[in-house]
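Just so it is clear, none of the values below were taken in a lab; they were calculated from the coordinates. Quick caveat: nothing in here was measured; it's all calculated off a predicted structure. Don't worry about glycine lacking a Cβ; one is built from the backbone with ideal geometry, like all the others, and counts go over all protein chains shown.
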Amino acid sequence: MTTDPPPEPNAVSDPPGRPGGARAAFRRWRRTRPFWATVWTGLGGFVIFLLPMAPLGKILQVGVGGIAGMAGGVVLMAMALLMLLLPGQRHSAGVIAVIAGVASFPLSNLGGLFVGMVLSVLGGSMAFAWLPEKPAKRRGRRLRRTGTAAEAASAPVTSLGSGSV
């Protein structure tokens, strides 16, 4: 009988049926889309949406600002879902999120008391700048199938489109 503790499961190499496999699968899925940009944009939209629905003594502007705040919050949360579900549309969703976040400043309680505006601008800019992961580089050099390196070095170089005659 040994006193060594049992080995802990490795979340990266476990198959999906094991407890750590779901976490690794979520991590792989999350890395294929602008996840954190979605979180910040959605949270900013939620703050902008929620603030006009606060008790009357806690909000700064009533009336049209309340409707604009609720509409702006819904637009921001919709852009967050668009970024998450269609990462190819992240540029347009990011630009719309930044515009809606900045527009919430004069239209809705100072942009959710600055918090919602800052979060939505941060998320929209992160979505615009996000790039998918590139595949891992190959370590070996690919050799040409025809000829050797010496033959390739001695071959004449031609210029197609140099413009000089």
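The table that follows gives values for the structure above.
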quantity	calculated
Length added when fully stretched, Ser92-Ala136, from 0.36 nm per residue minus Cα-Cα	13.0 nm
Packing-based order for 117-124, 78-85, using average beta carbon neighbours within 10 Å, highest first	117-124, 78-85
Pair Ile67, Trp36: separation of 7 Å Cα→Cβ label points (nm)	3.9 nm
Spin-label pair Leu50/Arg23, simplified geometry with 7 Å Cα→Cβ offset, distance in nm	2.7 nm
